Amino acid sequence: MSFPIIAPSILSADFANLGQAVEMINNSAADWFHVDVMDGVFVPNISFGFPVIAAVHKLAKKPLDVHLMIVQPERYIKEFKEAGAAILSIHYEACTHLHRTIDAIKENGMKAGVAINPHTSIHLLKEVIADIDMVCMMSVNPGFGGQKFIKHTYQKCAELKEMILKAHSSCLIEIDGGVNDTTGPLLLNAGADILVAGNYVFGSANPINTINTLKQMGSNTTSLS
C-alpha cells in the first residue's frame, strides 16, 4: 500500500445516503473507511452502532478503520470484529488496562491502535509503542467533525515519529481532525502516515478529486520515516 494512507471519515457523510458514500469511497483512491464510534459518555456525541458498521462492511471493498470514543472499550472487542472492523483503535484515556486490551484486539484478528486526545502526552505510550500497529492522534477535541485544527499537533507528531523510530517499532501515525490541503502536507512532513478527512472530503464539490489530492500529497513531501 502506498503512503499516505487516506481514510475518509464517514461521520461527515450524508447519513440518508450512506450507501452512496460507501460506493464513492470504494471507487476512489482512498485506502480505508474511518468509522467513529461515540457513546455520549466519553465524548458529547453519539454515532454509529453495530448494525450500521455491519451494513457499511457489507458494501465496503476496503478495510474498516474503527475508532472507539467510548468508555470501557474492552467490553465490545469481539462484537466490533464481528461487525467488520479490520483496525480497532481505543482511547488511552478510556482504557484502564491498556496492554491487556491491545492483546485482546490482536487475539480477535484485528490491527490494534491507540488514540490519544490533544492534551495527552505521547510519552505515555512508550511502554506499548512496540506492541501497537497505529497511534490515532487527535488534532481536534474528539466528539464532533469540522473543528479547528490544533497546531501543536505538528510538533507532537514529529516527537512521536522519533519515539517510534528509536523503539524500532512499525507503528503508523494516523492524524484525525482538521486535515485539508494546508495541514496535510505539513503533517506528512512531520511523520504522519495516515490522514483521516471528513468535512474536507464530504464537504467538497468533488469528493473523489479531493481524495486524489490527499493521496498525491505524499509525492510532494519529505517524511521523517
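Every number here is computed from the coordinates shown, using simple stated rules; none is lab data. Just so it is clear, the model here is predicted, and its values are computed rather than measured. Quick reminder, even Gly has a Cβ in these numbers, built from the backbone with ideal geometry, and neighbours come from all protein chains shown.
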(request) Scan the strands (runs of 3 or more DSSP E) fully inside segment 108-217 and keep the ones with 1 or more residues being surrounded by fewer than 21 Cβ atoms within 10 Å (Cβ to Cβ). (result) 111-116
(message) Against the definition (touching a Phe, Trp or Tyr at 6+ places or on another chain (Cβ under 8 Å) and within 19 Å of Val196 (Cα to Cα)), how does Ala21 come out, yes or no?
(response) yes
(request) Mind listing whichever residues of segment 1-56 are closer than 28 Å to Glu93 by Cβ, aliphatic (A, V, I, L, M), touching a residue at least 24 places away in the same chain (Cβ under 8 Å) and surrounded by fewer than 20 Cβ atoms within 10 Å (Cβ to Cβ)? (result) Val41, Val52, Ala54
